[in-house]
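The values are calculated or read from the model by the stated rules, or taken from the named source; none is laboratory data. Everything numeric in this text was worked out from a predicted model, so none of it was measured. These accessible areas exclude ligands, DNA and RNA; they are computed on the full protein's heavy atoms, side chains included. Shrake-Rupley method; radii C 1.70, N 1.55, O 1.52, S 1.80 Å.
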Amino acid sequence: MTLRRFALQFARALTLLALACPALAQIAAPRTLTELKAEVQERADRHAYPVSELDPAEVREALGSLKSLDRDEWAAAWSAIGDRHVAQGKTAEASDRAGASKHYKYAFEYYLFARFPLENSPGKAKAYAKALEAFAAYAKLQNPPIEIVRIPFEGKEIVGALRLPENVRPAPLVVTIGGLDGRKENASFRNDTYLAHGVGYFSFDMPGTGQSTIRQVAPGAEREFTRVLDYIAMRPELDAKRVVVYGGS
C-alpha cells in the first residue's frame with residue numbers, strides 16, 4: 001500500500017468515527033463547579049488525563065481561584081500559572097537552558113488546559129495562542145532542536161513540528177496525526193523517544209483541530225495529509241521511502 005493511499009484510507013476512517021460519535025455518545029448532566037474542582041484535583045493527584053502533566057499543588061491553586069464555570073474565567077485561572085512559568089523560563093534562559101526548557105513546557109501544558117477541551121471563547125483562544133508561543137520557546141532550546149515547519153497549502157499553512165536524530169541522514173520518519181482534544185505539541189513530547197533509535201518525527205493537527213487549515217472533518221480532508229507527504233518527499237534530509245503514518249487519540 002502506498003503512503004498516499006494509506007493517508008486517504010486513514011482520513012476516511014477518521015471521518016466515519018467523527019460522524020458516528022454523536023450518535024453513540026450519552027449526554028451527561030452538567031457538573032457543578034464543586035464537582036468539577038473535585039474531579040480535576042483527584043485526577044491531578046494521581047497524574048491522570050487530562051492533567052497528568054500538571055503539578056497537583058498548582059492545580060489546587062488554579063482551582064481555588066475559580067468562582068464560576070465561565071469559560072473565560074477558566075482560561076484565566078490556568079493561564080495565570082502558565083504566565084508564571086513563562087516568566088521563570090525567560091529568567092532562566094541565560095544560565096539554565098534545561099530549567100528554562102522545563103518552565104516553557106509547563107507553561108505550554110497549563111495554557112493548553114486553559115483552552116481545554118477546545119477554543120470556544122475569547123479567553124480560551126488567547127490561551128491557545130499563548131500555548132503555541134510557549135512551545136516555540138521550548139522548541140528552540142532543544143538539542144537537536146524542534147523545527148516549526150510551515151507548509152504552503154491552499155492559501156494557508158500547514159503547521160507541524162519536525163525533529164530529527166543527530167547524524168542520521170536521510171532520516172526515517174514517523175508522521176503523527178493527533179486526536180480531537182490533543183495537539184501536535186503533545187505528540188512531539190511523546191515522540192522524542194524515537195530519536196534514540198535514529199528515527200525522526202513530524203507531528204501535525206488533524207482536520208478540525210489546532211492549527212489545521214481544514215476546520216471540519218469531512219470527505220476530502222485527506223488532501224492535507226497528502227500535502228504533508230509531498231513535502232516530506234521534497235526534503236533531502238528525510239527518507240521518503242521509510243515513513244510510518246501514526247494516528248492516535
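Provide the per residue accessible area, probe 1.4 Å, for the range 67-208, rounded to a whole number of square angstrom.
44
With both partners inside the chain, how many of the DSSP beta bridges are antiparallel, as a percent to the nearest 5?
Approximately 50 percent, going by the DSSP bridge assignments.
Taking all protein chains together and a probe of 1.4 Å, list His85, His103, His47, His197 from the most accessible to the least accessible.
The ranking, largest first, comes out as His197, His47, His103, His85.
HN-Hα J couplings of the range 211-228 from phi, Karplus 6.51/-1.76/1.60, θ = phi - 60°, integer Hz, Gly and Pro as x?
My calculation for the range 211-228 gives 9, 4, 6, 9, 8, 9, 6, 7, x, x, 5, 5, 5, 5, 4, 4, 5, 5 Hz in order.
If I fit a long axis through the Cα atoms of helix 33-45 and take the longest principal axis of the Cα atoms of the chain, what angle between them do I get, 0 to 90°, rounded to 10?
Computed tilt is about 60 degrees.
Just to check I understand the Karplus step: with θ = phi - 60° and J = 6.51 cos²θ - 1.76 cosθ + 1.60, what whole-Hz values come out for the range 233-249, glycine and proline as x?
These are the phi-based 3J(HN,Hα) values: 5, 8, 9, x, 7, 10, 8, 5, 8, 10, 10, 10, 9, 10, x, x, 8 Hz.
For the range 132-191, rounded, prolate or oblate, judged on the Cα gyration tensor with a ≥ b ≥ c (square roots of eigenvalues), a/c < 1.5 rounded, else prolate if a/b > b/c?
It comes out rounded by the Cα gyration axes.
Using alpha carbon centroids, what distance separates the range 165-193 and the range 69-98, in Å?
About 24 Å separates the Cα centre of the range 165-193 from the one of the range 69-98.
For the chain, modelled as a GNM with alpha-carbon contacts under 10 angstrom, which of Glu222, Glu61, Glu185 fluctuates the most?
Of the options given, Glu61 has the highest mean-square fluctuation.
Normalised by the residues of the chain, what does the relative contact order come to in percent, with Cα pairs under 8 Å and at least six apart?
17
Identify which of Ala77, Ala92, Ala57 has the largest mean-square fluctuation in a Gaussian network model of the chain, with springs joining Cα atoms closer than 10 Å.
Ala57
Before anything else, pin down the relative contact order of the range 64-153: Cα pairs under 8 Å, at least 6 apart, normalised by residue count, whole percent.
Relative CO of the range 64-153 lands at 28 percent.
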